[in-house]
Amino acid sequence: MINYERRVQNLMGEACRAAKVILEHIEEGNCISVFSHIDADGISAAGIMGVTLSRIEARFRIRIERWFDEKMASEIAAEKDSLPILTDMGSGYIDILNEALKGRDLVILDHHQPSGKHEETFVHVNPEIFGISGARDISGAGVTYLVSKEISEKNRDLAYLAVIGALGDMQDKNEGRSLGGVNEIIVKDAVESGYLKVETDLLFFGRETRPIHKALAYTTTPFIPGLSGEEDKCLTFLTELGIKIKENDRWRALRDLSQEEKRKIFSGISDHLASYGYKLNIAKKLIGAVYVLVNEERWTPLRDAREFALLLNATGRMEKPGLGVAICMGDRGRCLKEADGTLEEYRKTMIEKLRWLDEHRDRLEEMRGIYVLHGGQTINEKMISAISTILSTSMPNMEKPIIAYSIVQEEKLMKVSARATDSLTRKGINLGEIMHISAERFSGKGGGHDVAAGAQIPINKKEHFLRFVDDLVVRKLKGNEDGG
Ligand code: C5P
Ligand code: C5P
Ligand code: ZN
């Protein structure tokens, strides 16, 4: 195994090739068609590419997509006189791309587990190809940033967008909720270009922007039962701990609190979580690295990079991804204002869904190897991803992967969002692989990362699909036990 530094160099080498191909096409006067994924990482990736291309006065357009399928492949193929660039998607569907774009130029900037060998005319930049984790070490926006930096050193100032992408994809899995691997290099670029400051604190949502009880209520990673989503209960909880909520009629934010007060809150939450059967390591996820975007206005959701990511997710999930891309490209006027409203709407929907979940516990079924959340049509295909993520952080000591799904009646398919824990992946569970194999088996599409993956399956194959996945997981875990 070659050392990490060498692997990073190889990845950069491929990024350099991608940059050359893009510049060649621009010189020939071709248009660039960027296709990106609908979540925070995909939107930041699109923003990085958008700024990069506009700085060199290239002609380009950006499209944001829910998921990759044959229909999308044929739309890409239909764009004859342009160079298609896929960001944060594509790697898992190489066979489809090979067929649709045979012999044509294509640039893929992604971090999903790759499937198969690509056409020679494609440039495929993906950390997994070089032995670097696409789930933890670099995101789709990160890969896009590496290419952008190869196009021009000036684009170093876009590193902060790649930090947002990585946080959106929950890559903050290192000691103290920090980013590691290639992400660490990107964080350094963002700090050096004067956009980012990294501090350690309680990880409440909106530590500079919101009254403490609201900040606590808005915190959902980890999910705190009885407090997440419940402003009134948070107010009571903090008051009972003896925390002063207001100072001279003004709400206090987390940054106004003393170390002593913060310690009190942390130990209060630890006790609270323990009473629900959670281990201390869950509470510890509430302390760690805060990524502050120092050039953003205080009191806005853009100041904290995790909150920025949530805002981008909200624009994507509420069908306004164009707002997210515009904000990444620098809009701080009309689009930001509109996105603020979208974020509120998204939060409300989310809290509604979580309440529904709480009242319909029977929708969560425990099978031999997996938990299945039958989201049906109540949780639509745009929300199922976030609900699945929150659910996975809300189950104490989860020992089985979560397979959540939603029904998309018009398209006669089920959209699956699968989540595992790191301890499950260490036991050999790779959800990307499991979703890929199971989806293929039942005429669907699936893939992703080891900890988080997804699929679309024809509705009439639902039962078979779930049983098949359950079986695969049981066999994997059993095989592992037998093998030691
Ligand atoms: O398509 P992409 O790679 O950008 O998306 C990864 C998805 O997986 C995100 O929605 C992210 O929130 C989710 N995820 C998760 N838990 C992890 C890692 C990723 O829910 N541990
Ligand atoms: O949609 P969701 O957030 O659950 O997806 C989890 C991960 O799986 C994301 O990284 C997403 O891009 C990926 N995925 C995929 N193929 C699918 C569905 C999701 O690669 N058909
Ligand atoms: Zn991603």
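The values are calculated or read from the model by the stated rules, or taken from the named source; none is laboratory data. No experiment lies behind these values; they were computed from the predicted model shown. Every residue, glycine among them, receives a Cβ derived from its backbone with ideal geometry; neighbour counts consider all protein chains shown. Note: accessible area is taken over every heavy atom of the protein model, side chains too, but ligands, DNA and RNA are not part of it. Shrake-Rupley method; radii C 1.70, N 1.55, O 1.52, S 1.80 Å.
Within the option set 157, 201, being closer than 19 Å to residue 19 by Cβ, of a type outside the set (S, T, N, Q) and either more than 16 Å from ligand 1 (Cβ to nearest atom) or out of contact with any strand residue (DSSP E or B) (no Cβ under 7 Å at 6 or more places or on another chain) (or both) holds for one residue only, 157. The strands (runs of 3 or more DSSP E) found entirely in segment 407-462 that carry 3 or more residues being of a type in the set (A, V, I, L, M) and open to solvent by less than 40 Å² (accessible area, probe 1.4 Å) are 413-419, 452-458.
Within segment 463-484, how many residues turn out to be outside any helix (DSSP H, G or I) and under 28 Å from the mean Cα position of the chain (by Cα)?
From segment 463-484, those outside any helix (DSSP H, G or I) are 483-484; that's our starting set.
So of that shortlist, the ones also under 28 Å from the mean Cα position of the chain (by Cα) come out as none.
Total meeting the criteria: 0.
Yes/no per residue for (1) surrounded by fewer than 24 Cβ atoms within 10 Å (Cβ to Cβ); (2) within 14 Å of ligand 1 (Cβ to nearest atom); (3) in the same structural domain as residue 16 (by TED's automatic domain parsing); (4) touching a residue at least 12 places away in the same chain (Cβ under 8 Å):
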residue: 79; (1), (2), (3), (4): yes, no, yes, yes
residue: 97; (1), (2), (3), (4): no, no, yes, yes
residue: 148; (1), (2), (3), (4): no, no, yes, yes
residue: 153; (1), (2), (3), (4): yes, no, yes, no
residue: 178; (1), (2), (3), (4): yes, no, no, yes
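Regarding residue 402, is this residue in contact with a Pro (Cβ under 7 Å, 6 or more places away or on another chain) and at pLDDT 95 or above?
No; evaluated as a whole, the condition is false for this residue.
Filtered by the rule that a residue be of a type outside the set (Val, Ile, Thr), surrounded by 24 or more Cβ atoms within 10 Å (Cβ to Cβ) and under 12 Å from residue 44 (Cα atoms), segment 314-331 gives 316, 321, 323, 324, 328.
Among the residues making up segment 175-188, those that are in a helix (DSSP H, G or I) and within 23 Å of residue 325 (Cβ to Cβ) are 183, 186, 187. Which residues, counting only those in segment 124-174, are in a helix (DSSP H, G or I) and of a type in the set (Val, Ile, Thr)? Once the filter is applied, which keeps residues that are in a helix (DSSP H, G or I) and of a type in the set (Val, Ile, Thr), segment 124-174 yields 129, 143, 144, 147, 151, 163, 164. Filter segment 68-127 for residues that are touching a Ser or Thr at 6+ places or on another chain (Cβ under 8 Å) and among the acidic types (Asp, Glu); which is nearest to ligand 2 (Cβ to nearest atom)? The selected residue is 88. Quick check: is even one residue across segment 26-37 open to solvent by 10 Å² or more (accessible area, probe 1.4 Å), at pLDDT 95 or above and within 16 Å of ligand 1 (Cβ to nearest atom)? Yes - at least one qualifying residue is present in segment 26-37. Residues that are within 25 Å of residue 40 (Cα to Cα) and out of contact with any helix residue (DSSP H, G or I) (no Cβ under 8 Å at 6 or more places or on another chain) occur in segment 376-383; there is at least one.
The rows are residues; the columns are (1) open to solvent by 100 Å² or more (accessible area, probe 1.4 Å); (2) more than 20 Å from residue 173 (Cα to Cα); (3) assigned by TED's automatic domain parsing to the domain that holds residue 40.
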site	(1), (2), (3)
260	yes, yes, no
268	no, yes, no
273	no, yes, no
284	yes, no, no
291	no, no, no
299	yes, yes, no
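Restricting attention to segment 33-48 and to residues that are out of contact with any helix residue (DSSP H, G or I) (no Cβ under 6 Å at 6 or more places or on another chain) and either in the same structural domain as residue 331 (by TED's automatic domain parsing) or more than 17 Å from residue 313 (Cβ to Cβ) (or both), the residue that is nearest to ligand 3 (Cβ to nearest atom) turns out to be 35. Could you tell me whether segment 427-445 includes any residue that is away from ligand 3 (no atom under 16 Å from the Cβ) and under 19 Å from residue 170 (Cα atoms)? Yes: one or more hits.
Taken as a whole, segment 247-258 holds at least one residue that is out of contact with any Gly (no Cβ under 8 Å at 6 or more places or on another chain), surrounded by 14 or more Cβ atoms within 10 Å (Cβ to Cβ) and in a loop (DSSP other than H, G, I, E, B).
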